[in-house]
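**Q** A single structure is presented below for examination.
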Amino acid sequence: MKRPNKKETAKPVEIRLNRFIANAGICSRREADNLIAAGQVKVNDKVITEMGYKVKKTDTVEYKGRKLKSETHQYVLLNKPRGFVTTTKDPHAKRTVMELVDKACDERIYPVGRLDKETTGLLLFTNDGETAKKLTHPSHKVKKIYQVELDKAITKDHFDTILNGVTLDDGPASVNELALLGDDGKMLGVEIHIGRNRIVRRIFEHLGYNVKKLDRVMFAALTKKNLPRGKYRHLSPKEVMGIKGVK
């Protein structure tokens, strides 16, 4: 009697539906649960609302009429130049960051957070919705370090004011570290965890300074070392483990 081999007896690999959706780059697992609960996801033409539902590779998963493919996760780091808008699509923008990474991989990647048009430096792209959510959520306090060039030397009073925290139109804003770079008082290093829109620029503008240059030199322990302006590179396995380990 012929014994069945392992290939013949092995069960098809199954993964949770929310993970499949996250792997497809749509959103995080938690957000995928909300989509499932709202009846927005179909598996093999059947609406699925069951939490914990598992799918196989042979199943057809659809969201908003689009067939999803569980993609290989990609992590691409760009040293952004000035003049590029951080958006995946903007009909009014002449240049977006997406054109700088359009040949990085076959998968659809998108920016994690944003840098304004005139800000340079590190910008991460991925199709890993869960990790992207973790890196941008305020509760995880992801470290970001900027180099700032002002139009005039900062006063000691204003230096201390920034360290103690200022109140902007949308609430309190504090930095974690502030340091002078050089002797003229115009160059500073800023470590900050909060990620509100144009937050570094607005802190200095609130005190009457014009930010001439703003460059993000660190993001979640990632640096610009050996990465020229306008170029990108893929993260190493060790770096991927590092950003996934952000708590």
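**Q** Within the stretch 227-235, can one find any residue that is touching a helix residue (DSSP H, G or I) at 6+ places or on another chain (Cβ under 6 Å), on the phi < 0 side of the Ramachandran plot and not basic (Lys, Arg)?
**A** no
**Q** I would also like to ask the following. Taking the conditions exactly as written (touching a Gly at 6+ places or on another chain (Cβ under 9 Å), buried (at least 17 other Cβ atoms within 10 Å of the Cβ) and assigned to a loop (DSSP other than H, G, I, E, B)), does LEU115 satisfy them or not?
**A** yes
**Q** Could you pull out the residue among LYS94, LYS134 that is surrounded by fewer than 15 Cβ atoms within 10 Å (Cβ to Cβ) and at negative phi?
**A** LYS94
**Q** While we're looking at this one, here's another question. Is it true that LYS143 is among the basic types (Lys, Arg) and touching a helix residue (DSSP H, G or I) at 6+ places or on another chain (Cβ under 9 Å)?
**A** Judged against the criteria, LYS143 is not a match.
**Q** Would you check if VAL211 is in contact with a helix residue (DSSP H, G or I) (Cβ under 6 Å, 6 or more places away or on another chain) and open to solvent by less than 80 Å² (accessible area, probe 1.4 Å)?
**A** yes
**Q** Residue under question is GLY129, and the condition is that it be in contact (Cβ under 8 Å) with a residue 60 or more places away in the chain, closer than 30 Å to GLU149 by Cα, of a type outside the set (D, E, K, R) and open to solvent by less than 20 Å² (accessible area, probe 1.4 Å); does it hold?
**A** no
So that you can scan it fast, the table gives a plain yes or no per residue for (1) among the acidic types (Asp, Glu); (2) under 15 Å from the mean Cα position of the chain (by Cα); (3) over 23 Å from ARG82 (Cα atoms):
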{"position": "ILE194", "(1), (2), (3)": "no, yes, no"}
{"position": "ASN197", "(1), (2), (3)": "no, yes, no"}
{"position": "GLU205", "(1), (2), (3)": "yes, no, no"}
{"position": "LYS212", "(1), (2), (3)": "no, no, no"}
{"position": "ASP215", "(1), (2), (3)": "yes, no, no"}
{"position": "PHE219", "(1), (2), (3)": "no, yes, no"}
{"position": "ASN226", "(1), (2), (3)": "no, no, no"}
{"position": "GLY230", "(1), (2), (3)": "no, no, no"}
{"position": "SER236", "(1), (2), (3)": "no, no, yes"}
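**Q** Run GLU118 past the list (1) out of contact with any strand residue (DSSP E or B) (no Cβ under 8 Å at 6 or more places or on another chain); (2) more than 29 Å from PRO237 (Cβ to Cβ); (3) in contact (Cβ under 8 Å) with a residue 40 or more places away in the chain and report the number of the one that doesn't hold.
**A** (1)
**Q** Another question, if that's okay. Using the structure shown, decide if VAL175 is surrounded by 14 or more Cβ atoms within 10 Å (Cβ to Cβ) and farther than 13 Å from GLY121 by Cβ.
**A** Yes: the conditions hold for VAL175.
**Q** Here's another thing I want to ask about it. Hey, any hits in the stretch 68-84 for a residue that's at pLDDT below 95 and not in a loop (DSSP other than H, G, I, E, B)?
**A** No, that holds for no residue.
The values are calculated or read from the model by the stated rules, or taken from the named source; none is laboratory data. In this text the structure is predicted, and so the values were computed from the model without any measurement. Note that we place each Cβ from the backbone using ideal geometry, even for glycine, and neighbour counts take in every protein chain shown. With ligands, DNA and RNA removed, areas are computed over all heavy atoms of the protein, side chains included. Shrake-Rupley method; radii C 1.70, N 1.55, O 1.52, S 1.80 Å.
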